[in-house]
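See below for the structure under consideration.
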Amino acid sequence: MNTFIEMGLAPELLQAIEELGFDNPTPIQQKAIPVILGGKNDLVVLAQTGTGKTAAFGLPILQLGDTVSDNLQTLVLCPTRELCMQITNELTKYARYVKGVRVVPVYGGASINDQIRELRKGSQIVVGTPGRVLDMVERKVLKLAGIRWMILDEADEMLNMGFKDDLDTILAETPREKQTLLFSATMPDAVSKIARQYMNAPEEVSVGKRNSGAENVTHEYYMVHAKDRYLALKRVVDVNPDVYGIVFCRTRIETK
């Protein structure tokens, strides 16, 4: 299926996709969307960041969801606040012409009372980080007994960040009858164990080589003494005056 129309997506979604400038589905969307629309099989998707994963699960779920009901139907778990907001924003854009859809993000580092109020208004889709989602479950604000889709996005990163126990507790609260979709850039043993334990004979689709980095990214590094790292960074910027990037720091003081 080389076009979104051939996949059988609803006109409301097709209109939003066109306005967002999407011409043709990415390879991962071509493989994943028909499986999810089929609604029967669990799915493991191996793909790097930037391959269109959010649309791959978001478009079919928006099409299949019940917009008449305000009950929670989809839970999306992801490793970071930033990704949580990104997924929420993208799903909201795709649902621009789908009446009645509410997408609520829940994540740490923001007012939990505000998020509780948003959840109590009702929503079909919740996107959250494991720690805050578990907090909402334990407070009886987030009830998972009726969800139809469970999505684990960047599962390998969630496990790397130490969310294994949270994931186990959350997944244990979900119903057996649901479609589970696991997205991961790599497939280490810990992710395979999650798939075996919580998924029912999942199909597996992949884009690119398994456990490999993105082909359009190169990695370069410079070894310097700690006391020289700022000088080294300044030189990198001097040589690349139009550089656009992110500097990761270990502590708040270093960041300042």
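Here residue 105 passes the criteria (1) over 29 Å from residue 138 (Cα atoms); (2) without any contact (Cβ under 8 Å) to a residue 24 or more places away in the chain; (3) in contact with a strand residue (DSSP E or B) (Cβ under 7 Å, 6 or more places away or on another chain) except the one numbered (1). Of 159, 182, all but one fail to be closer than 26 Å to residue 60 by Cβ, aliphatic (A, V, I, L, M), touching a residue at least 12 places away in the same chain (Cβ under 8 Å) and touching a strand residue (DSSP E or B) at 6+ places or on another chain (Cβ under 7 Å); the exception is 182.
Only one of 50, 8 is within 18 Å of the chain's Cα centre (by Cα), more than 24 Å from residue 144 (Cα to Cα) and either assigned to a loop (DSSP other than H, G, I, E, B) or among the aromatic types (Phe, Trp, Tyr) (or both). Can you tell me which?
Details: 8 fails: within 18 Å of the chain's Cα centre (by Cα).
On inspection, the qualifying residue turns out to be 50.
Among the residues here, residue 142 qualifies as in a loop (DSSP other than H, G, I, E, B) and modelled with pLDDT of 95 or more. Applying the condition of being in a helix (DSSP H, G or I) and either hydrophobic (A, V, I, L, M, F, W, C) or touching a residue at least 40 places away in the same chain (Cβ under 8 Å) (or both) to the stretch 221-250 and asking which residue is surrounded by the fewest Cβ atoms within 10 Å (Cβ to Cβ) yields 226. Pairing each residue of the stretch 71-90 that is over 18 Å from residue 182 (Cα atoms) with any residue that is β-branched (Val, Ile, Thr) and part of a loop (DSSP other than H, G, I, E, B), provided the two are 6+ apart or on different chains, yields C-beta distances under 7 Å for 72/147; 81/129.
State yes or no: is residue 90 at pLDDT below 95 and either more than 28 Å from residue 186 (Cα to Cα) or not in a loop (DSSP other than H, G, I, E, B) (or both)? Considered against the rule, which asks whether it is at pLDDT below 95 and either more than 28 Å from residue 186 (Cα to Cα) or not in a loop (DSSP other than H, G, I, E, B) (or both), residue 90 comes out as no.
When the stretch 18-38 is filtered for residues that are assigned to a helix (DSSP H, G or I) and under 12 Å from residue 56 (Cα atoms), the ones remaining, listed by number, are 27, 28, 29, 30, 31, 32, 33, 34, 35, 36, 37.
Among the residues of the stretch 105-158, those identified as among the charged types (D, E, K, R) and within 12 Å of the chain's Cα centre (by Cα) are 153, 154, 156, 157. From the list 53, 40, 31, 93, which one is out of contact with any Lys or Arg (no Cβ under 9 Å at 6 or more places or on another chain), charged (D, E, K, R) and under 30 Å from residue 138 (Cβ atoms)? Going through 53, 40, 31, 93 in turn, just one is out of contact with any Lys or Arg (no Cβ under 9 Å at 6 or more places or on another chain), charged (D, E, K, R) and under 30 Å from residue 138 (Cβ atoms): 53.
In this entry, residue 174 passes the filter for residues that are closer than 14 Å to residue 126 by Cβ and over 17 Å from the mean Cα position of the chain (by Cα).
Based on this model, can you work out whether residue 148 counts as in contact (Cβ under 8 Å) with a residue 12 or more places away in the chain, under 18 Å from residue 72 (Cα atoms), among the basic types (Lys, Arg) and surrounded by 12 or more Cβ atoms within 10 Å (Cβ to Cβ)? Considered against the rule, which asks whether it is in contact (Cβ under 8 Å) with a residue 12 or more places away in the chain, under 18 Å from residue 72 (Cα atoms), among the basic types (Lys, Arg) and surrounded by 12 or more Cβ atoms within 10 Å (Cβ to Cβ), residue 148 comes out as yes. Give the residue that is farthest from residue 85 (Cα to Cα), with candidates limited to residues of the stretch 123-156 that are in contact with a strand residue (DSSP E or B) (Cβ under 8 Å, 6 or more places away or on another chain) and of a type in the set (D, E, K, R). My answer is 148.
Scanning the stretch 98-120 for residues that are out of contact with any Lys or Arg (no Cβ under 9 Å at 6 or more places or on another chain) and surrounded by 15 or more Cβ atoms within 10 Å (Cβ to Cβ) returns 98, 101, 103, 119.
The values are calculated or read from the model by the stated rules, or taken from the named source; none is laboratory data. Worth saying up front: this structure is predicted, and the values here are computed from it rather than measured. Using ideal geometry, Cβ is built from the backbone for each residue, glycine included, and neighbour counts are taken over all protein chains shown.
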